[in-house]
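The values are calculated or read from the model by the stated rules, or taken from the named source; none is laboratory data. Every value quoted in this text rests on a predicted model; they were computed, and no experiment measured them. Virtual Cβ from ideal backbone geometry, glycine too; neighbours counted across all protein chains shown. The accessibility values were calculated without ligands, DNA or RNA, using every heavy atom of the protein model including side chains. Shrake-Rupley method; radii C 1.70, N 1.55, O 1.52, S 1.80 Å.
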Amino acid sequence: RIKSTLGIGTLLAEGLGDTIRVSLTEDPIKEIPVCYGILQGLGLRRTMVEYVACPSCGRTLFNLETVLHEVREATKHMPSLSIAVMGCIVNGPGEMADADYGYVGKTPGKISLYRGRTEVRTVDETNGVEELIKLLKDDGVWVEPPTNVPQEAVKAEPAVAAK
């Protein structure tokens, strides 16, 4: 995957080519997400939410890995967004400058929510993800996750044999 990304990504970044094809030594169906990932990484197409997260350090004010997972689960159905989850106020706002929304540790137990580079509100850590969703709703960008139709709700017509 890395070789494909480097080779194809370099050509596309230089404006050479308008078609992408990746071959993996896996099921071919897994090639499509790799292609989309390359295009998204180059900024040519967005098919999934772009997440930005800091690597965490001694200043991180919450369990970054857990919160990032919670934010992903809550927002993974909204491919038009980029969301940053940053552990502290020291480097977080600078590192997330290109994100549409940010979730940043402000003080122990408190999270700052950002719209772009602007701090919008400070909330309790315990309901930070819910408050992020509320901010997305307030801004009119929230989309409800798709609901799966149970198989028993889809009834196929019985086949009729020709006589």
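Aspartates and glutamates near Lys110 by alpha-carbon distance under 16 Å, same-chain residues fewer than 8 away left out - which ones?
Glu119, Asp124, Glu125, Glu130, Glu131
Quick check: pseudo-label points 7 Å beyond the Cα along Cα→Cβ at Thr10 and Arg59, how many nm apart are they?
Result for the modelled spin labels: 3.6 nm.
Rounded to the nearest Å, what's the spacing between the alpha carbon centres of segment 89-126 and segment 21-47? Just the number, please.
31
If you wrap a convex hull around the alpha carbons of the chain, what volume per residue comes out, as a whole number of Å³?
On the way: hull volume 33.5 nm³, N = 163.
Hull volume normalised by residue count: 206 Å³.
Quick one: in segment 31-97, what % of C-alpha pairs are over 14 Å apart?
Numbers: 1360 of 2211 pairs.
Within segment 31-97, distances greater than 14 Å cover 62 percent of Cα pairs.
Using Cα pairs under 8 angstrom and six or more residues apart, how large is the relative contact order of the chain, in percent? If you can, show how the numbers build up before the last one.
Details: 209 pairs, mean separation 22.6, N = 163.
The normalised contact order for the chain reaches 14 percent.
Got a sec to turn the phi values of segment 91-99 into Karplus ³J(HN,Hα) couplings, 6.51 cos²θ - 1.76 cosθ + 1.60 with θ = phi - 60°, whole Hz, x for Gly and Pro?
9, x, x, x, 6, 9, 4, 8, 6
On the full set of protein chains, 1.4 Å probe, figure out the accessible area of Tyr36 and give it in Å² to the nearest 10.
We get 80 Å² for Tyr36.
Would you mind checking which residues have amide H under 5 Å from Ala53's amide H? H placed 1.01 Å from N; only 5 or more apart, or other chain.
For Ala53, whose amide H was placed from the backbone, the distant partners under 5 Å are Val85.
I'd like the trypsin sites (Lys or Arg not before Pro) in segment 17-56 restricted to DSSP loop residues with at most 15 other Cβ atoms within 10 Å, sorted by number.
Working: sites: Arg21, Lys30, Arg45, Arg46; in loops: Arg21, Arg45, Arg46.
Sites meeting the loop and neighbour criteria: Arg21, Arg45, Arg46.
Could you check the spin-label model distance between Arg46 and Lys137? Points 7 Å from the Cα along Cα→Cβ, value in nm.
2.2
Based solely on its DSSP helices, what 222 nm [θ] is calculated for the chain when runs of n ≥ 4 H residues each add -39,500 (n - 2.57) and the sum is averaged over all residues, nearest 500 deg cm²/dmol? Present the calculation step by step, with values, prior to reporting the outcome.
Values: 5 runs with 50 residues, N = 163.
Roughly -9000 deg cm²/dmol at 222 nm, from the helical runs in the chain.
For a label point 7 Å from the Cα of Lys110 along Cα→C-beta, name the residues of segment 35-79 whose backbone N is under 17 Å from it.
60-62
How many nm is it between the label spots at Asp98 and Glu26, if each spot is 7 Å from the Cα in line with the beta carbon?
Those two pseudo-labels are separated by 2.4 nm.
Nearest 10 degrees is fine. How inclined is helix 128-138 to the longest principal axis of the chain, computing both from alpha carbons?
70
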